[in-house]
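Read the structure below first, then the notes.
The values are calculated or read from the model by the stated rules, or taken from the named source; none is laboratory data. It should be emphasised that the depicted structure is a prediction, and the values quoted were computed from it without experimental measurement. Cβ sites come from the backbone with ideal geometry, for glycine too, and all protein chains shown count toward neighbours. Note: areas computed on protein heavy atoms with side chains; ligands, DNA, RNA excluded. Shrake-Rupley method; radii C 1.70, N 1.55, O 1.52, S 1.80 Å.
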There are 2 protein chains.
Amino acid sequence: MVMGRPRSFDTDKALDEAMEVFWRHGYDGASLAMLTKAMGIKAPSLYAAFGSKEGLLKAALDRYAQRRCEHMRHVLAGATAREVAERFLSSIAESHTDPANPPGCLLVQGGLACGEGSENIPFELASRRAQTEADLRERFAQAQRDGDLAPEADPAALARFLSTVASGMGVLASSGADRDALRAVARVSLSAFTRCPEAGGVPS
Amino acid sequence: MVMGRPRSFDTDKALDEAMEVFWRHGYDGASLAMLTKAMGIKAPSLYAAFGSKEGLLKAALDRYAQRRCEHMRHVLAGATAREVAERFLSSIAESHTDPANPPGCLLVQGGLACGEGSENIPFELASRRAQTEADLRERFAQAQRDGDLAPEADPAALARFLSTVASGMGVLASSGADRDALRAVARVSLSAFTRCPEAGGVPS
DNA sequence: GAAGTTTTGTATCGAGTGGTAGATAAGTCT
DNA sequence: AGACTTATCTACCACTCGATACAAAACTTC
């Protein structure tokens, strides 16, 4: 075992609590007082473990990504491009209205715009959102190589469309929309997905 | 003319500057120091004119709504439901990447999640976003009565879909996506709009 | 047990927060 | 002109912000 006094709190548990605070109040809106209270530790412990408020957010984002990663693995394992899209939107509708978490998406509510001294937070969140879009794009490109998606389809456009709808669903959920509302949006989006020229559908 | 010393600044000009600060930094991220500097006035003048930081935001939101109202009038004047949707998405793509403003949408970046003491800001923004959705829904219901939209179409679902995509485009634009990227998303969304069962299209 | 190492709690730092008191300036009214 | 009304400025309020110094506590190693 390592030397010195052992840590009296569980890092992952504390991160979960911090994640919830950032999720519900955004980076600027989450004060150290709120964070330390939720995490059940004092400020010096927080700084010793995570370095800074920004470091804490990044650690929380890593944990968030880790959670979502399992979902995405299932999504990307869909047999066809259409099934991937279906799984993705449905997974978003569920997760953004999961009563175990604040409504919406941490990567959206966490901070689209921040004050002085937090200028890089929006970039941090954006790059994490971009990761999901890249995963989808890669999967659709593969589908195209497999002949599952028409050669004239546009994997990048499809991925960006889905990613955009997911962000929009985050905004919607954050303002109290219920699960059925998100599912309805997912349904319409999926129709669009299936039939648009970018997916190789017939233009009107 | 009214009695007393006349105001030395133009209220609307000052509001435009305040709007930009809220837009770029969000409600919590916009400090009074930033606001007063941008508006070119001192704190007491600000409070005399707008009552509080929240009052200033609401006034800025009113002005924002006023601006968008002209665009929406053009959007809703589209001859068909499809043309309304097309105009709406294209108007969003343009306005969210207008170099004269911060990228994205004030109603999205302004504050999806806020800190203690600003709890009602997200509601305020949400209710303004809901207004646009309601306008679209009403217009689509009218289209349905006109026989322009199929009887089995779902005006509420279509309006919510478009509104969600618009929010998503706001998120996308806020992270630096350019106009063409938003136009591409609009194009895919429009295909979905035209062909989905909610619009009276043929289900797969 | 003594030395060494790390974490914890208390107490606090300087800077910045939203907001205001009070005096002064700049107008209109009679 | 003088009374009245409103806006502006300087200075400042109590408070909260993110972050830290320091000493006591809790462990491992020798």
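Just name the residue that is farthest from the chain's Cα centre (by Cα) out of those in segment A:42-87 that are within 30 Å of A:A141 (Cβ to Cβ) and of a type in the set (D, E). Give the steps one after another, and end with the answer.
The first filter runs over segment A:42-87 and keeps only residues within 30 Å of A:A141 (Cβ to Cβ), leaving A:58, A:61-87.
Subset that is of a type in the set (D, E): A:62, A:70, A:83, A:86.
Details: A:D62: 11, A:E70: 12, A:E83: 20, A:E86: 17 Å.
Among those residues, the one meeting the criterion is A:E83.
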Inset, instruction - Please state which of the following conditions B:A130 fails to meet, knowing it meets all the rest: (1) surrounded by fewer than 24 Cβ atoms within 10 Å (Cβ to Cβ); (2) more than 13 Å from the chain's Cα centre (by Cα); (3) assigned to a helix (DSSP H, G or I). - result: (2)
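Answer yes or no as to whether A:R24 is near DNA strand D (Cβ under 8 Å from one of its atoms) and either charged (D, E, K, R) or within 17 Å of A:L125 (Cβ to Cβ) (or both).
Spelling it out, it is not the case that A:R24 is near DNA strand D (Cβ under 8 Å from one of its atoms) and either charged (D, E, K, R) or within 17 Å of A:L125 (Cβ to Cβ) (or both).
This table checks each residue for (1) touching a residue at least 60 places away in the same chain (Cβ under 8 Å); (2) open to solvent by less than 10 Å² (accessible area, probe 1.4 Å); (3) more than 30 Å from B:A18 (Cβ to Cβ).
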| site | (1), (2), (3) |
| --- | --- |
| B:S90 | yes, no, no |
| B:P99 | no, no, no |
| B:L106 | yes, yes, no |
| B:N120 | yes, no, no |
| B:E124 | yes, no, no |
| B:R145 | no, no, yes |
Inset, instruction - Would you please name the residue that is farthest from B:G115 (Cα to Cα), looking only at residues in segment B:42-59 that are among the basic types (K, R) and near DNA strand C (Cβ under 9 Å from one of its atoms)? - result: B:K42
Inset, instruction - Scan segment A:2-19 and report the pairs whose first residue is of a type in the set (A, V, I, L, M) and whose second residue is within 12 Å of DNA strand C (Cβ to nearest atom) and assigned to a loop (DSSP other than H, G, I, E, B), with Cβ atoms within less than 8 Å and a gap of 6+ or a chain change. - result: A:A14/A:G40; A:A14/A:I41
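Would you please name the residue that is nearest to the other protein chains (Cβ to nearest Cβ), looking only at residues in segment A:176-196 that are in a loop (DSSP other than H, G, I, E, B) and open to solvent by less than 40 Å² (accessible area, probe 1.4 Å)?
Among them, the one singled out is A:C196.
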Inset, instruction - Scan segment A:140-158 and give yes if some residue there is more than 8 Å from chain B (Cβ to nearest Cβ), closer than 30 Å to A:L56 by Cβ and aliphatic (A, V, I, L, M), otherwise no. - result: no
Legend entry - Criterion: touching an Asp or Glu at 6+ places or on another chain (Cβ under 9 Å), buried (at least 20 other Cβ atoms within 10 Å of the Cβ) and under 26 Å from A:A79 (Cα atoms) - qualifying residue of A:L136, A:L162: A:L162
Inset, instruction - Filter segment A:83-118 down to the residues that are of a type in the set (D, E, K, R) and either facing chain B (nearest Cβ under 9 Å) or in a helix (DSSP H, G or I) (or both), then identify the one that is farthest from DNA strand C (Cβ to nearest atom). - result: A:E83
Legend entry - segment B:1-35, residues that are within 10 Å of DNA strand C (Cβ to nearest atom) and away from chain A (no Cβ under 14 Å): B:M1, B:V2, B:M3, B:G4, B:R5, B:P6, B:S8
Inset, instruction - Among what's in segment B:7-26 and is among the hydrophobic types (A, V, I, L, M, F, W, C) and closer than 15 Å to B:Y64 by Cβ, pick the residue that is surrounded by the most Cβ atoms within 10 Å (Cβ to Cβ). - result: B:F22
Legend entry - Matching option when the condition is within 16 Å of DNA strand D (Cβ to nearest atom) and open to solvent by less than 20 Å² (accessible area, probe 1.4 Å), among B:G40, B:G78, B:G29, B:G4: B:G29
